[in-house]
Amino acid sequence: MPPRKPRLPFANAWFFPAAALYAALILPSSVIALLGLIPALPGLVTPAGHAHEMIFGFALAVIAGYLLGPQPLRFTLTLLGCWLLARVSFLLWPGSWLALASAALFAAGLAWKVLPRFLGAAKKWRNQTVAPIVAGLGLLSAAASGGLGATLDRLALLEALLLLATLMFFMGGRIIAPAVAGYAQSQGRQLAARVQPNLEGAVLILLGLALVLNLLPWSLARQLTGAVLISAGVLTIIRLLRWQPWHCTRPDLLILLLGYAWLALGLLLFGLGTLLPRLPLNATLHALSVGALGSLTFAVMARTQLIYRFRDPAAQPWIQAAALLISLAALARVVPALLDQSRPGWLLLAAITWSLAFLALTLLLWRCRHAHSDSPRRAADR
């Protein structure tokens, strides 16, 4: 028999630790810099720069680690180098040709590997939505890194956040549904509502419509965008409730469900904020970015590595406790903004708790760095 080819290493072995460490250090330091406590890097002198790195720095690294799967080590390290160069160039020289070129190279490399997998292999249109989402995030990343001006930068960030919300709704549901169903079966119960394809399709259509309406300058389009986002939030709540989260006691599942609850709340607040200009934008956006994005990415990275290392996503309960710090950070950003009582102390609390959570995750990823297993998507669905 011919010798078996060596198994390719998974990209998440490099991208997950990089994303977790970046989240733990750079994002909180940008908040502290905005408070005037430390000097700000040129790319982080405004809240828009902080949001840029949350979405195009942190979130895209997690997406790359999760979706790339096994890749030749040379390609993974090259793509990681493009990501690092894009981060450094944006932080030090925002709007420069180097920031634009490095972000475009990273986006192109990610799209080259991810898009054919979902466009070619996926038969259902719902499964193919990952491809345009990744392509859209890549294009927006390159455009925003090159500098579009304040108005267009803000629009690009909002569009990117909507794309991320769509990806979180789809991928989060595909992870949670089988995991909760398997847990219910282990408890002697049957969960009838799993993926819920009709509901999933409806929300994907609504979020796609919101992406288009958000680009239009008319007041009617703004009102329609708000109504569509509220509808998507309500349907997300229904999907979550049909998973019967009150029956779950396993910490790793509870963190995933908590992140999905933040997603539903974030869509509702985003819609209400679009309809009601008096509702502060900080509250709506941080429910999605800190609460949903932070919790779900944390849970996915931790869950994937724990399955690799221990074959048990609940093997290290302390990491699930650390994940609760992200919800505390989200509450520290959302609640004061809703009550119009935002103070530097709340921002500092959010930065510290967020940083502690992702430092804990970085420690876990370091401990699991030699783990090997099969496909991360198959493992995460167990």
Legend entry - 18 Å cut-off, amide nitrogen to a point 7 angstrom out along His247 Cα→Cβ, residues in segment 182-200: 182-197
Inset, instruction - List, in order, the whole-Hz ³J(HN,Hα) value for each residue of segment 42-50 obtained from phi through the Karplus relation with A = 6.51, B = -1.76, C = 1.60 and θ = phi - 60°; use x for Gly and Pro. - result: x, x, 10, 7, 10, x, 5, x, 4
Legend entry - Cα-Cα separations in segment 114-204 greater than 18 Å, expressed as whole percent: 57 percent
Inset, instruction - For segment 7-147, give the percent of accessible area contributed by carbon and sulfur heavy atoms, probe 1.4 Å, rounded to a whole number. - result: 75 percent
Legend entry - Ellipsoid equivalent to the chain - semi-axes via the Cα gyration tensor, in Å: 29, 26, 22
Legend entry - Amide H contacts of Ala11 (H built 1.01 Å from N, under 5 Å, at least 5 apart or other chain): Gly69, Gln71
Legend entry - Amide proton proximity set for Ser96, modelled H, under 5 Å, gap of 5+: none
Legend entry - Extension gain, Leu77 back to Arg311 (0.36 nm per residue minus Cα-Cα distance, nm): 81.6 nm
Inset, instruction - Enter the Cα centre distance for the pair segment 178-239 and segment 272-343, rounded to the nearest angstrom. - result: 18 Å
Inset, instruction - Could you calculate the contour length gain from Ala227 to Ala202, that is, 0.36 nm times the residue separation minus the distance between their Cα atoms, to one decimal place in nm? - result: 7.6 nm
Legend entry - Bins of 10 Å from zero: percent of alpha-carbon pairs in segment 162-235: 19, 40, 24, 12, 5, 0
Inset, instruction - Leaving out ligands and nucleic acids, note down the accessible area per residue over segment 39-141 with a 1.4 angstrom probe, in whole Å². - result: 41 Å²
Inset, instruction - Using every pair of alpha-carbon atoms in segment 325-371, split the distances into 5 Å bins beginning at 0 and state the percent of pairs per bin, rounded to integers. - result: 5, 23, 22, 16, 11, 9, 7, 5, 2, 1
Legend entry - Kirkwood hydrodynamic radius (C-alpha pairs) into Stokes-Einstein, segment 7-147, 20 °C and 1.002 mPa s, D in µm²/s: 139 µm²/s
Legend entry - Rg ratio (alpha-carbon, reference 2.2 N^0.38 Å) - segment 220-356: 1.13
Inset, instruction - At 0.36 nm per residue, minus the direct Cα-Cα distance, what do Leu324 and Leu152 gain on full extension? Give it in nm, one decimal, please. - result: 58.5 nm
Inset, instruction - Would you list the membrane-span-like helices of the chain, meaning whole DSSP H runs whose alpha-carbon atoms span at least 27 Å along their axis and whose mean Kyte-Doolittle value is at least -1.0? - result: 12-34, 73-92, 97-121, 150-186, 219-242, 251-275, 317-338, 344-367
Legend entry - Mean separation of Cα contacts under 8 Å (6+ apart) over length of the chain, as relative contact order %: 17 percent
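The values are calculated or read from the model by the stated rules, or taken from the named source; none is laboratory data. Just so we're clear, the structure is a prediction, and the values are computed from it rather than from any experiment. Here Cβ is always computed from backbone atoms with ideal geometry, including for glycine, and neighbour counts include all displayed protein chains. Accessible surface is based on the protein model in full, side chains and every heavy atom, while ligands, DNA and RNA are left aside. Shrake-Rupley method; radii C 1.70, N 1.55, O 1.52, S 1.80 Å.
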